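Q: Questions regarding the structure given below will be posed in turn.
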Amino acid sequence: MRRLLILLSIGTIPFPSALPGQTGDEALRVFLDCQTHCDMEYTRLEISYVNWVRDRQDAAVHLLSTSQGTGGGGQEYSLQFIGLGEFQGMNDQVRFTTTQTDTDDEVRQALLRRIGLGLARYVSRSPLASRIRIAYDRPATEVIGTGQQPRDPWNLWVFRLGVNGSFSGESQSSENSLSGSFRASRVSDTWKLRINGGARTSHSRYILSDSSEYKSSNNRYNLSTLLARSLGDHWSAGLEQSAVRSTYDNYDFKFDLLPGMEFDVFPYQESSRRQLVFVYSAGLTHANYTDTTVYNKVVETRPFHQFTIAAQAVQPWGSLNGQIQVSSYLDDFAANRASIFGGLEVRLFRGLNLNIFGSYSRVRDQLSLVKEGATNEEILLQLKQLKTSYFYHGSVGPSYTFGSKFNNVVNPRFSGSGGGNCQCMGGSCFCQ
């Protein structure tokens, strides 16, 4: 609290009438550059008195978040507030530590509090300063998380393109792959539109024991869209579409069209803390198969529906998420699938955490299986979908931390050698 009062009392920086590119009544523009674990949605939802921007060039404050491990197994977080434009040279830094026993909710709340404290000196010099107290008094007409929305030449559209190539080999085998992705989205309080596209091709070569050569390839192309319309605090209507071409799944072309309805027991504004969602969708699926299926089909169009229950909660005791989904073809209920998965991270008592994850699917809807089956090579290299009646996966692991409660010391020496050899770039890390 003392730190907050000091920040608010500084008056040596002149009050800017307007920051570059923004109107006089617009909220402070902040670029969050997170190089560590951040709950972006939670931060944007809870700190609604600023405008979060995607690019540093559009910001008045650049917030750089980093962290490193402490001796006790926790993390020391460093928040660097870098002033831009009218705030040039007005920089600050906030540091704090978390313990290894802190839950995800405790970490994100601590991070949120420090971000708010660090932004106080900038917000106090913004046009919204008269509406800021220790807690933000949000106007009744303001949508949570939007602040005061400025004029946007992109009209809320966001695009992302990506391409990736990889290759590896040795004297008797080699592999290479090339993939690309495309994403476009537009999200407002009323509408949500998302378009995703991707392509991946991979090739492998093996020298067998008899000196013969075996080559294989696998290709997948997909395009999906989602259009959702808000119908209030609890209801939404949506339309999902997907198109797929896959050598593994025996699809020369597959197209799904599924309109649906969604109900959330809790208001959507609480989605970063808790959700209990029920979704029902029904529509058509059309498939052109590459090879004749076990049901002697090359082309077919069938009605399809699915029902989903999904839950998520992030609380001081830990976090929980899970989903149950059942689906079937409307013209043949025997062709169906039922799936369940869930994850739980709970702090049983001080120092003792338990992590559990599991998933199981009962499968009765493999309509695209190739009639002639798969060769031994295709089975071993997983080039073809195989007949099965179930899938499962699970993991469980407790962890216990004890000893000194002090873990504020950061000692980075020899962190880049031995078992801690990690390379990080752009928020992603690769460790050996």
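The values are calculated or read from the model by the stated rules, or taken from the named source; none is laboratory data. Note that the structure is predicted; figures quoted are calculated from it, not measured. Positions of Cβ are generated from backbone atoms using ideal geometry, with glycine treated the same way; all protein chains shown enter the neighbour counts. Just the protein is used for accessible areas: all its heavy atoms, side chains included, with ligands, DNA and RNA removed. Shrake-Rupley method; radii C 1.70, N 1.55, O 1.52, S 1.80 Å.
Q: Among the candidates 311, 287, 243, single out the residue that is surrounded by 15 or more Cβ atoms within 10 Å (Cβ to Cβ), closer than 24 Å to residue 374 by Cα and not aromatic (Phe, Trp, Tyr).
A: Going through 311, 287, 243 in turn, the sole match is 287.
Q: So which of 252, 233, 210 ends up being open to solvent by 30 Å² or more (accessible area, probe 1.4 Å), among the charged types (D, E, K, R) and over 32 Å from the mean Cα position of the chain (by Cα)?
A: 210
Q: Kindly list the number of the only condition in (1) farther than 28 Å from residue 268 by Cβ; (2) of a type outside the set (Ser, Thr, Tyr); (3) surrounded by fewer than 14 Cβ atoms within 10 Å (Cβ to Cβ) that fails for residue 156.
A: (1)
Q: Those residues that are exposed (fewer than 15 other Cβ atoms within 10 Å of the Cβ) and in contact with a strand residue (DSSP E or B) (Cβ under 9 Å, 6 or more places away or on another chain), I need them from region 366-381; list them, please.
A: 371, 377
Q: Condition test on residue 354, is it of a type in the set (A, V, I, L, M) and either under 24 Å from the mean Cα position of the chain (by Cα) or over 30 Å from residue 208 (Cα atoms) (or both)?
A: Here the answer is yes, as residue 354 does meet what is asked.
Q: What number of residues within region 331-344 satisfy the criterion of being open to solvent by 50 Å² or more (accessible area, probe 1.4 Å) and closer than 26 Å to residue 276 by Cα?
A: Adding up the residues that qualify gives 4.
Q: Can you name the strands (runs of 3 or more DSSP E) wholly within region 40-104 that have at least 3 residues being touching a His at 6+ places or on another chain (Cβ under 6 Å) and of a type in the set (Lys, Arg)?
A: Here the list is empty.
Q: Now for a different question. Look at residue 403 and say whether it is more than 31 Å from the chain's Cα centre (by Cα) and under 30 Å from residue 315 (Cα atoms).
A: yes
Q: Only one residue in 266, 278 is at pLDDT below 95, out of contact with any Pro (no Cβ under 7 Å at 6 or more places or on another chain), over 27 Å from residue 179 (Cβ atoms) and not hydroxyl-bearing (Ser, Thr, Tyr). Which one?
A: 266
For (1) under 25 Å from the mean Cα position of the chain (by Cα); (2) modelled with pLDDT under 85; (3) open to solvent by less than 30 Å² (accessible area, probe 1.4 Å), each residue gets a yes or a no:
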position: 79; (1), (2), (3): yes, no, yes
position: 82; (1), (2), (3): no, no, no
position: 109; (1), (2), (3): yes, no, no
position: 119; (1), (2), (3): no, no, yes
position: 124; (1), (2), (3): no, no, no
position: 127; (1), (2), (3): no, yes, no
position: 138; (1), (2), (3): no, yes, no
position: 141; (1), (2), (3): no, yes, no
position: 152; (1), (2), (3): yes, yes, no
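Here is a yes/no grid of residues against (1) at pLDDT 85 or above; (2) surrounded by 16 or more Cβ atoms within 10 Å (Cβ to Cβ); (3) under 30 Å from residue 155 (Cα atoms):
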{"position": "26", "(1), (2), (3)": "no, yes, yes"}
{"position": "31", "(1), (2), (3)": "yes, yes, yes"}
{"position": "50", "(1), (2), (3)": "yes, yes, yes"}
{"position": "68", "(1), (2), (3)": "no, no, no"}
{"position": "90", "(1), (2), (3)": "yes, yes, no"}
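Q: Looking at 269, 275, can you tell me which residue is open to solvent by 60 Å² or more (accessible area, probe 1.4 Å), within 23 Å of residue 226 (Cα to Cα) and in contact with a helix residue (DSSP H, G or I) (Cβ under 9 Å, 6 or more places away or on another chain)?
A: When all the criteria are applied, what remains is 269.
Q: Just to be sure I understand, how many residues within region 172-207 are over 19 Å from the mean Cα position of the chain (by Cα) and part of a strand (DSSP E or B)?
A: 17
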